[in-house]
Structures are given as C-alpha cells and as structure tokens.
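Visitor: If you scroll down you'll find the structure; I have some questions about it.
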Amino acid sequence: MSAAPNLLRTLEHASLKQTLEAHARFLSGRPGGRRANLAHADLSNLMLEGVNLADAELTGARLNGASLMGGDFSRAVLFGADLRDADLRTANFTRADLRGVCLRGANLSHANLMGADLREGRIAMQDSAQGFRILTHDARPGDLKYAVMAGTNLEGAQLSDESRSADLTDALLAGAQLGGARLAKALLDGADMSGAELFNTDLAGASLKRAVLTGVDTSTANLERADLSDVLRAPPPIVYIDDEPLGDVLADHERFCATHGAGGRAAKLSSVDFRSLRQLRRRVLTGLQAPGSVFFGMDMEGAQLQGSDLSSADLRGANLRGADLRGVKLLDARLDRADLRGADLGPLLIGEGRYLRANLTRAVLRQADLREARARRVRLLEADLTGAKLDGADLSGAEREF
C-alpha cells in the first residue's frame, strides 16, 4: 500500500511575504490585491506577530508553535487548522471560522473570539488508496484541553463539545452558546457568563469562583463538584439596610455630604449589592464606606467617591469615567474591564499639608481603560494591570513594581 501523501505544503519565506503583501493590498482595496490562500500551508513556529490575515483562507493550515500575538484573523477561515501551542495573546478572531481547530496548549489570553465558531469539524481529503480520509492532528479536533484563555472575549461564540480542562479565567463569555459543551474541570474563575446558554453543559468539577451567571439557566447543566464560591447571580429587585431601602440610605448620605454633616447620615455599609439601583451616575458619595460591595457593570460616570472605602469591591465592567476617586481605598478590588477614562485617582487634601493617596494595592485592573486618568502618587503595589490601556495617564510618582 502506498504511503499517504503529505497534505501540507511548505511556503518559502519570499512566497509568504508576497502573499501577505498582496493580502494587505486586497484588504485596502489597492490594485494588485489578492486574498491570501494559505489553506494546508505549513506555517508552524513562524514569527508572525501582528500579522493581518483578516478574511484569509487558512483551512487546515499548520500554525502550531507560531507566534501570532496581536494578529488579526477576523472573519478568516481556519477550519481544521492546527494552532497547538501557538501564542495568540490579544489576537482578533471576531466571527472567524474555527470549526475543528486544534487549540491544545495555545495561549489566547485577552484574545477576541466574539462570534467565532468553535464547534467540532473535520476535514475529509481524497486519498487514492483509502478514498477519503480524515485529516487529524495529535489531539482531537476542537479540543481546548489545557488551552489558556484567561481574559478572552468569547461573547456570542459557539463552542465545541470538547473543552475539557480549558483555562477560561476572567474570560468574557456573555451570550456564548455552550449548550452540550464539555467543560469538566475547566477553570472559569471570574468569567462573565451573563446570558450564556448552558443547556446540558458539563461543568462537573469546574471552578466557577466569582463567575457571573446573571440571566443563566443552569437547571440542565452538570454542576457536580463544581466550585460556585461567590458566584454573581441576578441582583435582588430591592435591597434593605436595617429595614430601610438602599436608595434612601444613599440619599441620606448625599444630604450628609451636602450639609457637611449637619443633616442626613453617613453610609457605612459592607458587602452590599448596589446593582438594584442600576446606576450611580454623578451621585455625591464622598467618604462612602462600602468594602466588599458589588457594583458590577454599573454606570458610575462622574460619581464623587473621594475618600471612599471600596476595598475588595466588585467593580468589574463598571463605568467610572470622569469619577472623582481621589484618596479612594480600592485594596484587593476587582476592576477588570472597568472604564476609568479621565478619572481622578490623585491624592486627596485632608488638611494643611496632609494628603490621602488613592490605594489600589493588589487591585485587579485587567483590560481596564485608564486613558487620560489622573493618578499621581497612586499606590499600585502588586496591582494587576495586564492589558490595561494607559495612554495619556498621569502616573507620576506612582508606587508600582517594574
């Protein structure tokens, strides 16, 4: 019996360069442009960081071990492609065809897979000896086993049924179709699964600590031995503090601030879910004591929170644009994907020559937007700024490790 033919084709460096240049002209509509056809091409272990292969044809391509960090693969066809051990950090796979792709050991941290199709798929190739045979990789197609997807955006994505042991820490899975997916023992700590479909999803033994499950029906999902510690579900319609509605408590606090303590009452709260108020836009909440409280996804634009204690608070995805956060205490707070554009995180004057610095020690600011923020002398010791946008931010005198 004759040996099976090699289904992969090798590209010389010059040929690949020409293909990429022609594709760039194709994307920009310039003369001489041609859509890249890299189907079944052997591109393994290549350094292609920042490559633009949007709309390209990459069916069955071998990209294992390749460095593709920051690349653009939006709407590209990667059906059955081999991406084992590839560096795909911050890459863009928006609406890409990833059916049958092998992602074993790949690093997709903070990549964008919004609307991507990750369902199972197999390539059948014509073979003179066997008629048709299936093109396979070392691992099962669609396998996400041990893939690192921390912070990945999988909003609206369709996943395959074999994602066992995947690392989806802090991933954005809002609206993802996970029906029938096998995510046994997967790491989903802090993942935003708002509105995700979990019909018959296998999450046995999975870690879902701090995961967001608002608007999610888990009645048919297998959650046996799953860790659901501090899971965030839908907020209660109204929250009472000592038989008083939370809204009234904050109104009293605002009166306390407006009258410099002559009226109202300062709010001293702990581990309170503020989401029932929907928004705190431009509210005067100076000196608010609310450690461990939940502000997930809330609109707090322009809020006055100077001198407040929000230690260990959940501010993931919150809008704090232009907020006054001078002297704020945000120790161990979660601010993943928070909008802090133009926010004031500088020191707060509390007496002649005395200042209270904003303290974000051990705060998590992954993918937070801090552009144009004023953060002079802010404490950022052990803070996680992975993927944070810092363009134009004033961090002069800030305490941070390098």
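Visitor: Å³ per residue of the Cα convex hull, for the stretch 282-337?
Guide: Measuring per residue, one finds 58 Å³ for the Cα hull of the stretch 282-337.
Visitor: State the dimensionless ratio Rg/Rh of the stretch 1-90 (Rg: radius of gyration of Cα atoms; Rh: Kirkwood radius).
Guide: Reported Rg/Rh, Kirkwood definition of Rh: 1.00.
Visitor: Need the C-alpha centroid separation for the stretch 195-235 versus the stretch 321-384, integer Å.
Guide: 32
Visitor: When DSSP assigns beta bridges and you keep just the ones with both residues in the chain, what percent turn out antiparallel, to the nearest 5?
Guide: For the chain, the DSSP antiparallel bridge percentage is about 15.
Visitor: Something else about it: For the full complex of protein chains and a 1.4 angstrom probe, list 230, 344 by accessible area with the highest value first.
Guide: The ordering from most to least exposed comes out as 230, 344.
Visitor: Past 24 Å, Cα to Cα: identify those pairs from 185/389; 268/389; 185/209, in the order given.
Guide: Listed pairs above 24 Å: 185/389; 268/389.
Visitor: Would you please give the FRET efficiency between residue 240 and residue 49, computed as 1/(1 + (r/R0)^6) with r the Cβ-Cβ distance and R0 = 45 Å, to the nearest 0.05?
Guide: Using R0 = 45 Å, I get an efficiency of 0.25.
Visitor: Compute the whole-percent fraction of alpha carbon pairs in the stretch 314-402 spaced more than 20 Å apart.
Guide: Percent of Cα pairs beyond 20 Å in the stretch 314-402: 21.
Visitor: Across the Cα atoms of the chain, what radius of gyration and what greatest pairwise Cα-Cα distance (Dmax) are found, in Å?
Guide: For the chain, the Cα radius of gyration and maximum Cα-Cα distance read 24.9, 95 Å.
Visitor: Using Stokes-Einstein with the Kirkwood hydrodynamic radius over Cα pairs, what translational diffusion coefficient do you get for the stretch 77-119 at 4 °C and a viscosity of 1.567 mPa s, in µm²/s rounded to a whole number?
Guide: Result for D is 128 µm²/s.
Visitor: Helix 246-258 versus the longest principal axis of the chain: what is the Cα-based angle in degrees, 0 to 90, to the nearest 10?
Guide: Helix 246-258 and the main axis of the chain meet at about 60 degrees.
Visitor: In the stretch 320-363, whose amide N lies under 16 Å from the spot 7 Å out along Cα-to-Cβ of residue 230? List them in ranges.
Guide: It comes to 330-337, 361-363, nothing else.
Visitor: Going by alpha carbons, how many degrees (0 to 90, nearest 10) lie between the helix axis of 13-28 and the longest principal axis of the chain?
Guide: Compared with the principal axis, the helix lies near 60 degrees.
Visitor: Still on this model: Restricting everything to alpha-carbon atoms, can you work out Rg to Rh for the stretch 194-283 with a Kirkwood hydrodynamic radius?
Guide: That ratio is 1.17, to two decimals.
The values are calculated or read from the model by the stated rules, or taken from the named source; none is laboratory data. None of the values given here were measured: they were computed from a predicted structure. Positions of Cβ are backbone-derived with ideal geometry, glycine not excepted, and every protein chain shown enters the neighbour counts. Side chains included, ligands, DNA and RNA excluded: accessible areas come from the protein's heavy atoms. Shrake-Rupley method; radii C 1.70, N 1.55, O 1.52, S 1.80 Å.
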